[in-house]
Each structure stands twice: as C-alpha cells, then as structure tokens.
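Below is one structure, written out as structure tokens; comments come after it.
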Amino acid sequence: MDACENELAPLPLKIQDNTFRDGHQSIFATRMRTEDMIPIAERMDEVGFWAIEVWGGATFDTMHRFLAEDPWERPRALKRYIKKTPFSMLLRGQNLVGYRHYADDVVNAFVDKACEIGIDIFRIFDALNDLRNVESSLKRVKKNGKYAEGAICYSLTGKHLGGDVYTLEYYVAKCRDLEAMGADSICIKDMAGLLSPYDAYNLVRALKEVLAVPLHLHTHYTSGMASMTYLKAIEAGVDIVDTCIAPFAMRSSMPALEPLLVTLQDTPRDPHLDISFLLNLGKYLEKMAAKYRPFKASNKVSVLDEGVLVHQIPGGMISNLVSQLKDMKALDRLDEVYDEIPATRRDLGNPPLVTPISQIIGAQAVMNVLFGKYKMVTNQLKDLVYGLYGKTPSPVDPELQKKILKNYRRGRTPITGRPADYLGPELDEMRAKIGPLAKNDEDLLTYVLYPQTGEQFLKWKYGLEPKPDAVKARTIDDIKGP
Ligand code: CO
C-alpha cells in the first residue's frame, strides 16, 4: 500500500445528486420545470445515488411565483418515476422555505406535509448557525420517522479556517451539538465555495474523529477550488458529497460527477457508478437546457467568480448589490461597498453570508457607504440586532446595538431566547384570512409562507385570475417575443 492509499478510508463514496435542485438554481435561476425532469426521472433512479435533492427554498419560491407550478406537486410527480432513490430537500430551519421565522405550528405542519409528498431526507440549517432554530424541524422530521441531516453553514473571516470566530473548534463543537440533537448525518454546507482543499482535509479529519454519524460535504465550484476540495475531503474520509451531472455542474454550481468517478476508479472510495450511463443522461440535459440559456449569467468569459477568493462575497449577493447601487445611481461606489462589507459584518457579529442574512448585511453596507455609517438602518437590520434571527456567532458591538435599537418598535433590550418562542401560533389566523381560496393544507401553507405571491398563485391555480404571459412563458425569450 502506498502513502496515498493509506489515507483513503475503506468505504465507497456516496453521491447525492443536485441536478434537479441546486444545479439549476445556481446556473439557471431555479427555472427548470418538472416536465423537463420527468423524461429522465426513471433513469436517474437507476444511477445509484445515495439521494436526489429535489426541493428547497428557492425551488418553492420560484415555482409558485415565476413558473405557476404548484411546488407541492414536484416531489409527488417525481416520486412516480423515482421509486428507489430517496429524495432530499434543503430546509432553512425555522425559516422553512421562506425568509422569516415561522411559529412552531407552521413548522410542524410544513414538515408533516413535506414527508407526506415524498421527502425522505431533510437537510436542515440556520443562517446564523444558531441551532435553536433547527430544533423544531429536526424533531418533527424524526417524529415522522424520516432522516434528518443537520447542516452547518461554512463561513470564514479570513482566507482560511481560523481567526477568532470560524475556527476548527467552532465547527467541531457545532457538529457535535447537531449530532447530540439527533441528526442522522452532518453536513458542512459551503454555499459560497470558500472551503479550500487543505482546510477541508483538516476539517473532515477532525470531524470524522468525533462524529459517529456520516459526514456530508456540500460545496460550490464558484471560486474554482471545489474539485480539489472534494478530493482532499475524500482522502480525509468524508462519506457523502453533492455533485451535478456535467451540464448542470461547475460555474456557481457543484463539481461535476463524471470526472470524480474516473478520479476514484479502482480506489477504495470508488462509488462504482456507470459513467457511460451518466453521459447519456448528460446528453438529454444538454439538449433540454438550451432553452434555459437566457437565464444563465453571460456577462463574463470566466466560468469562475475568482474575486470570491479575495472578497468572499457570494455571487448572489454581488448581483443584489449591483442592482441596489444601480437603483441609487451609484454603481461607481461598488468597490467601496466591497470594502465596507467585512466591517459591517464584523460590527454585526460576523454572521455567515447566506440568505436572508447576506441581503441584510449587503443592504446595510450600501447605506453605510452612501449615507454614512448607520445613519440609515433597515427594519430587518433592527430585527437582526434585536435577536429575532437568533444569536450571532460573535456579539454585536454594544454601542452600535444601543444606537440601532434607539427607536425600535419592539423595544431596546434585545431578546436572548429561541426566536420562535416569541411567536404565537399562526395557522388558524392565516386560515381565517385566506378563507375558501385555500382548499387544503398545502394551499394554506403556500399562503402562510408567501402571503402575497402565494395568494396570487392560488388565484391562478383555481382559475380566478388568468396567468400573465410572463408566468406562462417557458423562457425569457417567450416574454420578449420574437
Ligand atoms: Co448550495
């Protein structure tokens, strides 16, 4: 046995496919329709994936808002063709598939319904890594007899693991806490592609030493490191990784599965999946995806966001900043905003830059640059400082906290408990509000999660209002016309 083989853990690597979820979310603005998944669904079931991810926050949002598809129908429809491979979904803890914390009665009803329509594995995370926000959904998943994967958002304050917040010890402690809460596996969720190969090696090594449950790694290709990161993580013994089939891989999506298979062939970690079979699936995806091309970012030649290596600002956040600055006719200040973001983030307790926190930090950094530091503050920032999103990884600057909460409607003293404990039950009140337009619990939940666009969707669904052309359109070109 040579040195390299020595490092390999004995079990074959397991693969979770993300073509039907994060793949088209990352590359085609989440626009892929269920009808385009069905033609290869039966064959996807034959590949031998550990799981296929089919659902998440952006999926739910885009489907009802832009595709006029009932989000609840997708897992149900795919389940008719994919009978062996478990379905996974990404769940934002107490945020479910929305953008704020919901009361526990909503969380329970949502998880029950998601189990009923065919979700088997729930990857649950919280944007602040505050595990109190993961508690309710994790418990409910277990109560339903389904698989709960606890996820920690990977974040940094420098270019590498370390510094005073996101240390190796931080991640080890958080993952152990998730395991103690009953998680069936643990996932490191690297949404911006920040995890570098040697950090991945050290992190996986440390986690494998203390965890009894499987370890799963999710990363994005964005910065260009992801394939190297997977290889080092595999050498260190990671159990499961997320990939996409080639046409839906790379760029800001996951690494592709095909090159990984050849890399691991005849090693102890060989997943033993049939690459020729995958090439055939890739052919279908390549042909089918052509119509989604208008949704693909085409403003640059590079397939990488190599700037992320330095400023660490995720791609989605950059496009938000650019459109905000454009609206304010201040696009020339973008570099100043890049410089301001780390300072704003530090002031506010170094949260991971993930939805919805990344938008809050980004919007504040823009205002700090344009109007002076904290001269203007958004309501969401007040909510964050007040503790409504949970506990930030490091404390918010106390002087700043006082200043921001000076005229805050809820009070000046931040809450310190689990945010959902401050929320009363919501379902009955919302049921009364929507009335007969919600014909079942799925409709009701769509409305609770998205009061405006959800109600609009229900009107389309039941033919009370015609769908506008923009929603009927299959691609952007259809909207623009010939
Ligand atoms: Co992702």
message: Going Cα to Cα from K142, which lysines come in below 17 Å? Please leave out same-chain ones fewer than 8 positions away.
response: K113
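Shape of segment 219-360 from its Cα gyration tensor (a ≥ b ≥ c, root eigenvalues): rounded if a/c is under 1.5, otherwise prolate when a/b > b/c, or oblate?
On the way: a/c = 3.11, a/b = 1.65, b/c = 1.89.
Verdict is oblate for segment 219-360.
What is the chain by shape, rounded, prolate or oblate, if you read a ≥ b ≥ c off the alpha carbon gyration tensor as root eigenvalues and call it rounded for a/c under 1.5, prolate for a/b larger than b/c, and oblate otherwise?
Numbers: a/c = 1.33, a/b = 1.10, b/c = 1.21.
Rounded, since a/c falls under 1.5.
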message: Among DSSP bridges having both ends in segment 178-323, what percentage is antiparallel? Round to the nearest 5.
response: 0
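Just the number please: accessible area per residue for the chain, 1.4 Å probe, all protein chains included, in Å². Spell out each step's value before the answer.
Working: 20360 Å² over 482 residues.
For the chain, the solvent-accessible area averages 42 Å² per residue.
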message: Expected output is a single nm value to one decimal: the length gained when fully extending between Q452 and K283, i.e. 0.36 nm times separation in residues minus the C-alpha distance. What is it?
response: 56.9 nm
query: So if we plug the beta-carbon distance of D177 and Y462 into 1/(1 + (r/R0)^6) with R0 = 30 Å, what FRET efficiency do we get, rounded to 0.05?
result: 0.10
field: Amide H within-cut-off set for D130, under 5 Å, with H built and near neighbours excluded
entry: none
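Sum up the charges of everything whose Cβ sits under 15 Å from the Cβ of Y462, counting Lys and Arg as +1 and Asp and Glu as -1, but leave Y462 out. Working shown, then result.
Numbers: positive: K439, K459, K461, K467; negative: E69, D70, E73, E442, D443, E455, E465.
Surrounding charge for Y462 is -3.
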- line: Label model pair I275, D327: point-to-point distance (7 angstrom along the Cα→beta-carbon line) in nm is 4.8
query: For the pair D339 and R412, how long in nm is the line joining their label points, each one 7 Å along Cα→Cβ?
result: 3.5
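Among residues other than L194 whose Cβ falls under 14 Å from its Cβ, what is the net charge (Lys/Arg +1, Asp/Glu -1)? List each step's numbers first, then the result.
Numbers: positive: K159, K189, R345; negative: D190, D199, D305, E306.
Cβ neighbours under 14 Å give a net charge of -1.
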The chain - share of DSSP beta bridges that are antiparallel (%, nearest 5): 0
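So if each residue of separation counts as 0.36 nm, and I subtract the Cα-Cα distance between E426 and Y81, what length gain in nm does that give? Intermediate values should be presented prior to the final figure.
On the way: separation 345, 0.36 × 345 = 124.20 nm, distance 3.55 nm.
Full extension from E426 to Y81 adds 120.7 nm.
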- request: Pop out the ³J(HN,Hα) list for segment 189-206 in order, Karplus 6.51 cos²θ - 1.76 cosθ + 1.60 with θ = phi - 60°, rounded to Hz; leave Gly and Pro as x.
  value: 9, 9, 6, 10, x, 8, 6, 8, x, 6, 5, 4, 4, 5, 5, 5, 4, 5
- request: Pairs to check: K83/K146; K382/K402; K159/K382. Give those whose C-alpha atoms are more than 19 Å from each other in this structure.
  value: K159/K382
query: Between rounded, prolate and oblate, where does segment 313-422 land on the alpha carbon gyration tensor, with a ≥ b ≥ c its root eigenvalues, rounded for a/c under 1.5, else prolate if a/b exceeds b/c?
result: prolate
Qualifying lysines (Cα of each under 20 Å from Cα of K329; at least 8 residues distant if same chain): K373, K375
message: Quick check: the distance between the Cα centres of segment 166-222 and segment 61-115, to the nearest angstrom?
response: 25
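Taking the Cβ of Q16 as the centre, find all other residues whose Cβ is under 11 Å away and add up their charges (Lys, Arg: +1; Asp, Glu: -1). The partial results should precede the final answer.
Values: positive: K14, R21, R123; negative: D17, D22, E53, E149, D239, D242.
Cβ neighbours under 11 Å give a net charge of -3.
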- line: For Y99 and T267, extending 7 Å from Cα along the Cα-Cβ vector and measuring point to point gives, in nm, a value of 4.2
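The values are calculated or read from the model by the stated rules, or taken from the named source; none is laboratory data. The structure displayed is predicted, hence computed values, not measured ones. Counting neighbours? That spans all protein chains shown, and the Cβs are built from the backbone with ideal geometry, glycine included. Only protein heavy atoms, including side chains, enter the accessible area calculation; ligands, DNA and RNA are left aside. Shrake-Rupley method; radii C 1.70, N 1.55, O 1.52, S 1.80 Å.
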